[in-house]
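Shown next, in structure tokens, is the structure this report addresses.
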Amino acid sequence: MSASGRVPVLRHGPRYSEGGKGAAGPGGTAGRTSGDRVVALTFDAALSPEDAKRAAEDGVRHDNPALFTALRRAKAPATVFMTGVWARTHRDRARAIGRDRLFEVGSLSLSHHAFTPDCADLPALAPDRHLAEVREGLKEIRAAGVARPTPYFRFPGGCHDDRSRRAVAPAGVTAVAGDVDAADTGASDPEELAGRVLKKIRPGSVVILRWDRERAPATAAAVGRLVPELRGRGYRLVHVSELVAAAMGRAPAPSPASSR
């Protein structure tokens, strides 16, 4: 919890100028050199109780084994934000992600319901459910076999306000938003999707993608194009935890899975 009593929200890591010092911004503080061009790929494994019921009735799965394979093949570190319902429904996949050091796991709440009114098309939670949604989501993630989920949380739909940030603060999490939304839901062209991300990317960026073969069918192939292009431009892929540490003014050792 921050001194303000609200969970902090990371939108991006420090921005680095050519002069050698990072430019302070809404996501972090200055201090690391311009040569450390880092970017974090994050994925939302989102599933609500309503969607899980429909998927079971229709024989649909909202995991993405092809994406898991693409990231492992590329040795690309990634942070996966899971809802508790997704982890419970796709327990085998959640466990595989959680046991692979290439990935770190954060929470996307229990039910993927919104923490504010009028957040996209998500049902809104009652305010007295906010803290429980975070804690119960983490409980389901652990029950699925993810032994050490990170203390990072993403508000469903990216929607939060002062009340919700105060409500979830006792959970001891840091909220992670992002500054590059791939908008991959419904995308069908991997090259176009990768190009859209590359146009927006900057040092310190947090990229938001979806971990869902049904709703984001082009994402796995797009990652196969995106990762080598980012590395070719001099970017180092890192976990969100490294960006959070940098934004807080620390200089941690790179994640064991981070790689150029």
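The values are calculated or read from the model by the stated rules, or taken from the named source; none is laboratory data. What you see is a predicted model, and the numbers here were worked out from it, not measured in a lab. With ideal geometry, Cβ positions are generated from the backbone for all residues, glycine too; neighbour counts draw on all protein chains shown.
Here are the numbers:
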read-out	value
Residue in the range 116-132 that is among the β-branched types (Val, Ile, Thr) and over 30 Å from Tyr235 (Cβ atoms) present	yes
Failed criterion for Arg95 (all others in (1) assigned to a helix (DSSP H, G or I); (2) touching a helix residue (DSSP H, G or I) at 6+ places or on another chain (Cβ under 6 Å) hold)	(2)
Scan of the range 39-86 for residues that are crowded, with 21+ Cβ neighbours inside 10 Å and either among the β-branched types (Val, Ile, Thr) or on the phi > 0 side of the Ramachandran plot (or both), ordered by number	Val39, Thr42, Thr79, Val80, Thr83, Val85
Among the candidates Gly22, Gly13, Gly28, residue that is surrounded by 15 or more Cβ atoms within 10 Å (Cβ to Cβ), modelled with pLDDT under 55 and under 19 Å from the mean Cα position of the chain (by Cα)	Gly28
Some residue of the range 192-211 being touching a residue at least 60 places away in the same chain (Cβ under 8 Å), in contact with a His (Cβ under 6 Å, 6 or more places away or on another chain), within 26 Å of Ala120 (Cα to Cα) and not basic (Lys, Arg)	yes
Options Ala175, Ala171; residue that is among the small types (Gly, Ala, Ser), under 21 Å from Ala94 (Cα atoms) and touching a residue at least 24 places away in the same chain (Cβ under 8 Å)	Ala175
Count of the range 67-85 residues which are outside any loop (DSSP other than H, G, I, E, B) and either closer than 22 Å to Ile141 by Cβ or touching a Cys at 6+ places or on another chain (Cβ under 8 Å) (or both)	12
Of residues in the range 145-157 being of a type in the set (Gly, Ala, Ser) and in a loop (DSSP other than H, G, I, E, B), the one nearest to Leu67 (Cα to Cα)	Gly145
Filtered residues of the range 132-187 (kept if basic (Lys, Arg) and more than 26 Å from Ala221 (Cβ to Cβ))	Arg135, Lys139, Arg142, Arg148, Arg163, Arg165, Arg166
